[in-house]
Amino acid sequence: MPEGHTLHRLASALDRAYAGTAPVVTSPQGRFVEGAALLSGRLVEGAEAWGKQLFVTFEGDRILSVHLGLIGVFELSRYAGGLGCEPPPVGAVRVRLLNQFHVADLRGATVCDVVSPEQLDAIVARLGPDPLRAGQLGNDPERAWSRIARSGRSFAELLMDQSVLAGVGNVYRCEVLFRHRVDPFRPGREIRPATWRAIWQDLVDLMPIGVAFGQIITLDEQLDAARALLAEGDPAAYAVSWQGGLEGESRRVRRPAYESASPFERSYAVYKRTGEPCPTCGSRVRTQVVAGRNLF
DNA sequence: GTTTAATGGGTAT
DNA sequence: TACCCCTTAAACT
């Protein structure tokens with residue numbers, strides 16, 4: 001379940017697995033048969049993410065455009081044995097990319113289309129700056145600030161608006177508001193410029209760590225440990241493609257490669273901690289549904 | 001066996 | 001603000 005870090009991690013994993021190869025593209029579920037036919041057998045030029053949008057570019061200006069939505073999963077795994085020996089699709093697999101060593105199965109996405117470069121540009125043009133593309137041309141955080149500074153909408157709402165800021169979802173939103181002690185309901189126009197700059201910089205620091213470990217990490221102790229691991233070495237060590245069930249568990253736990261096994265327990269300051277004590281002051285974390293999403 | 005929740009977002013009202 | 005779509009697995013009966 002995806003925020004921007006998931007999509008960027010997925011894009012680079014797909015890029016490594018498929019760029020320069022011509023995968024067989026199918027739709028075992030049957031709902032993307034025509035699109036699959038447009039792509040199958042063509043050389044993959046690359047994969048990239050913008051915010052929560054994923055694009056896989058095939059030769060001939062045909063681009064697979066995917067948005068995972070709330071529940072979508074693009075499960076990438078390596079298999080041994082070559083074509084014809086791949087694992088059978090399980091569940092509602094809308095798209096399967098298959099080459100000699102890799103299978104990627106897409107399930108539950110809200111968007112899955114073949115688009116042109118012009119359509120890709122139009123999708124990207126609707127997005128605000130992406131903290132995972134910090135420093136890149138045309139990805140200026142001032143664009144987000146100009147929207148925030150003149151908006152009467154709540155800051156919490158603005159952080160989730162992909163046309164203001166691309167890639168942040170509910171977890172990063174809740175956690176970053178907590179980290180900077182910002183009232184979620186304060187209107188954008190009452191946010192101080194220094195507050196916005198600090199939050200943008202924090203996301204620029206935090207989100208690549210999320211990409212490296214395949215997990216949103218926002219607690220300071222975990223961040224310190226994560227930075228130490230990254231400093232001493234090999235983020236690829238965490239790019240494990242399968243996570244088996246724990247010893248004694250009856251059910252096998254499978255995770256997509258881009259989510260990977262992480263050495264960190266999933267733990268947040270406020271997200272999904274309703275009723276539990278604040279890590280700083282001990283008061284109870286409260287929840288309020290804002291436009292259909294749980295704000296903590 | 002059925003219901004619900006989930007890190008999203010588009011469209012209608 | 002409501003409702004719709006996508007799919008799965010955990011949490012309920």
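Observations, loosely collected:
- Length gained on full extension, residue A:186 to residue A:24, computed as 0.36 nm times the residue gap minus the Cα-Cα distance: 53.3 nm.
- For chain A, calculated [θ]222 nm from helices alone, where every DSSP H run of n ≥ 4 adds -39500 (n - 2.57): -9500 deg cm²/dmol
- Inter-label distance, nm, simple model (7 Å from Cα along the C-beta direction), residue A:201/residue A:280: 1.7 nm
- The share of alpha-carbon pairs in region A:29-142 lying farther apart than 18 Å comes to 55%.
- Local net charge near residue A:177, Cβ-Cβ under 15 Å (Lys/Arg +1, Asp/Glu -1): +3
- Relative contact order %, chain A, counting alpha carbon pairs below 8 Å whose residues are six or more apart: 16 percent
- For chain A, the membrane-span-like helices by this rule, meaning whole DSSP H stretches whose C-alpha atoms cover at least 24 Å of axis and whose Kyte-Doolittle mean is 0.0 or above, are A:193-213; this says nothing about an actual membrane.
- Here chain A is treated with +1 on each Lys and Arg Cβ and -1 on each Asp and Glu Cβ, and its dipole about the Cα centre works out to around 920 debye.
- Enclosed volume per residue, in Å³, of the convex hull spanned by Cα atoms of chain A: 156 Å³
Just so you know, all these numbers are worked out from the coordinates, no wet-lab data involved. Here the structure is a predicted model, which is why all the values come from computation and not from measurement. Positions of Cβ are backbone-derived with ideal geometry, glycine not excepted, and every protein chain shown enters the neighbour counts.
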